[in-house]
């Protein structure tokens, strides 16, 4: 079930972030991404602790991302990593470029 749930969220043209609402890095990631002018429906934060499959999702994410802890930021179907990776991509100017390429901005 967890892999079906996660894979159903990942779509071209969309940014999906798997988060734990109480995680400081997750909140920072939300803050960074929420400041960008995303098109309607192109950004989704998925709180994994709000699902019945939270443990299964946490066990499945490392198969896609090599990390078990949130946040996990997906641009389209590609994971760019967590909060520190997002900050690196943002500071290099690549974040906006990638978001425009997939049509999210």
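The set of residues in segment 11-36 that are surrounded by fewer than 16 Cβ atoms within 10 Å (Cβ to Cβ) and either touching a strand residue (DSSP E or B) at 6+ places or on another chain (Cβ under 7 Å) or part of a loop (DSSP other than H, G, I, E, B) (or both) comprises 12, 13, 21, 22, 35, 36. When residues in segment 37-58 are screened for being assigned to a helix (DSSP H, G or I) and either touching a helix residue (DSSP H, G or I) at 6+ places or on another chain (Cβ under 7 Å) or surrounded by 16 or more Cβ atoms within 10 Å (Cβ to Cβ) (or both), 5 of them pass.
Considering only residues in segment 63-105 that are assigned to a loop (DSSP other than H, G, I, E, B) and at pLDDT below 90, the one that is nearest to the chain's Cα centre (by Cα) turns out to be 70. Selection over segment 67-88 of residues that are free of Cβ contacts under 8 Å to residues at least 40 places away in the same chain and either under 16 Å from residue 45 (Cα atoms) or crowded, with 19+ Cβ neighbours inside 10 Å (or both) gives a count of 4.
The values are calculated or read from the model by the stated rules, or taken from the named source; none is laboratory data. Computed from a predicted model, the values in this text were never measured in an experiment. Don't worry about glycine lacking a Cβ; one is built from the backbone with ideal geometry, like all the others, and counts go over all protein chains shown.
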